[in-house]
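Engineer: Could you have a look at this structure, given as structure tokens, before my questions?
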Amino acid sequence: MPSPTLPEAVEAWRDTHWCREETRRVQQPGDAERFVERVGFAAAMTDTRRPGPSLYVAVCARRDAVMPRHVQTDPEASETWLLKDALIRRGRVWYGKLARGKALFIAPRLIPHFHAVWGIRRRDEATRLSADARAILRVLRREWEMATADLRADARITDRQAFTRALDELQAAMLVVPSEVQYQPKFTYIWTLAVGRFPDALRQRVRRDQAVKEIARSFLATAGLTVPGELARVTGLDRREAGLGNRALVAQGLAMLESRGTYRWHDFRE
């Protein structure tokens, strides 16, 4: 679905908050971590054709950034990929695939809120996780961290696609995250338990409705104005639940309802 045309004032607000201007260009790992902390959550490699803040767009530092078809030869895509690797290695912000396979960076302050929506408690693993996902989890709970090939061998999953699906399932459940990227002797991710990297955040208990409201607040504060379905597309939330989050902001006086499905952040003025 193409993005709707937004007023220039909204685009300018997003230019500032999503680092879509030259003076705010993200170049170093520290810049990238501060960017994620400011926006709350951001995609890694999406471009201007997808809504929401993006590390790739922040590296390009322009609102019309479009990733070329051959990303291997694109210097901005390569720079973003290396920054992604550095953030994974540093482990100060969350990185993983959540709902609908969306790879997101999440600021530590929002991890409990995302976990309240997408996380799976240990008591529910037997009923909500596939057999392959549970096999991988058993291995990681014994070994703590492993490279992709070793993890697949120890989990005894012979089918590569099945293994990838199970890993994606564990990331979406906020149980497993990549902790390192290695290129020698061959490219591989190192996988580890999420609770080992973010123990305090994952042990916090947040009500689901409060979590959705906080996710909506984080997005609207930097978007300035959100149009129908945008929050759901950015986060993977159900549209009904995303609407409840935005309406909770209105009830709290943090947002204004402009029209059906369109919400304005209380500090944003055209």
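The values are calculated or read from the model by the stated rules, or taken from the named source; none is laboratory data. Note that the structure is a prediction, hence the values are computed from the model and not measured. Note that we place each Cβ from the backbone using ideal geometry, even for glycine, and neighbour counts take in every protein chain shown.
Engineer: Report, ordered by the first and then the second residue, all pairs with beta carbons closer than 7 Å, sequence separation of six or more or different chains, a first member in the range 200-220 that is in contact (Cβ under 8 Å) with a residue 24 or more places away in the chain, and a second member that is assigned to a helix (DSSP H, G or I) and of a type in the set (Val, Ile, Thr).
Structural biologist: Hits for this filter: Ala201/Ile111; Leu202/Ile111; Leu202/Val195; Arg208/Val117; Ala211/Val117; Val212/Val117; Ile215/Thr235; Phe219/Val234.
Engineer: Have a look at Thr46, Thr80, Thr23, Thr16 and point out the one that is in a helix (DSSP H, G or I), in contact with a Phe, Trp or Tyr (Cβ under 8 Å, 6 or more places away or on another chain), among the hydroxyl-bearing types (Ser, Thr, Tyr) and not assigned by TED's automatic domain parsing to the domain that holds Ile190.
Structural biologist: Thr80
To keep it simple, each residue is scored yes or no on (1) at pLDDT below 95; (2) within 22 Å of the chain's Cα centre (by Cα); (3) not hydroxyl-bearing (Ser, Thr, Tyr).
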| position | (1), (2), (3) |
| --- | --- |
| Leu87 | no, yes, yes |
| Arg109 | no, yes, yes |
| Arg121 | yes, yes, yes |
| Ala135 | no, no, yes |
| Ala147 | no, no, yes |
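Conditions (1) surrounded by 18 or more Cβ atoms within 10 Å (Cβ to Cβ); (2) modelled with pLDDT of 95 or more; (3) not in a loop (DSSP other than H, G, I, E, B), marked per residue:
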{"site": "Val177", "(1), (2), (3)": "yes, yes, yes"}
{"site": "Val195", "(1), (2), (3)": "no, yes, yes"}
{"site": "Ala201", "(1), (2), (3)": "yes, yes, yes"}
{"site": "Glu214", "(1), (2), (3)": "yes, yes, yes"}
{"site": "Ala248", "(1), (2), (3)": "yes, yes, yes"}
{"site": "Gly253", "(1), (2), (3)": "no, yes, no"}
{"site": "Leu257", "(1), (2), (3)": "no, yes, yes"}
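Engineer: Only one of (1) farther than 21 Å from Tyr263 by Cβ; (2) of a type outside the set (D, E, K, R); (3) out of contact with any helix residue (DSSP H, G or I) (no Cβ under 9 Å at 6 or more places or on another chain); (4) not in a helix (DSSP H, G or I) is not met by Thr5, so which one is it?
Structural biologist: It is condition (1) that Thr5 fails.
Engineer: Step by step: first the residues of the range 20-51, then only those that are farther than 16 Å from Gly96 by Cα and modelled with pLDDT under 95, then the one that is surrounded by the most Cβ atoms within 10 Å (Cβ to Cβ). Which residue is that?
Structural biologist: Pro51
Engineer: Next question, about the same structure. Of all residues in the range 149-175, which are small (Gly, Ala, Ser) and either part of a helix (DSSP H, G or I) or modelled with pLDDT under 95 (or both)?
Structural biologist: Correct list: Ala149, Ala153, Ala155, Ala162, Ala166, Ala172.
Engineer: Another one. Kindly list the number of the only condition in (1) surrounded by fewer than 18 Cβ atoms within 10 Å (Cβ to Cβ); (2) in contact with a Lys or Arg (Cβ under 6 Å, 6 or more places away or on another chain); (3) farther than 26 Å from Glu241 by Cα that fails for Asp168.
Structural biologist: (3)
Engineer: If you don't mind, there's one more thing I want to ask. crowded, with 20+ Cβ neighbours inside 10 Å and either among the aliphatic types (A, V, I, L, M) or modelled with pLDDT of 95 or more (or both): does that describe Glu241?
Structural biologist: no
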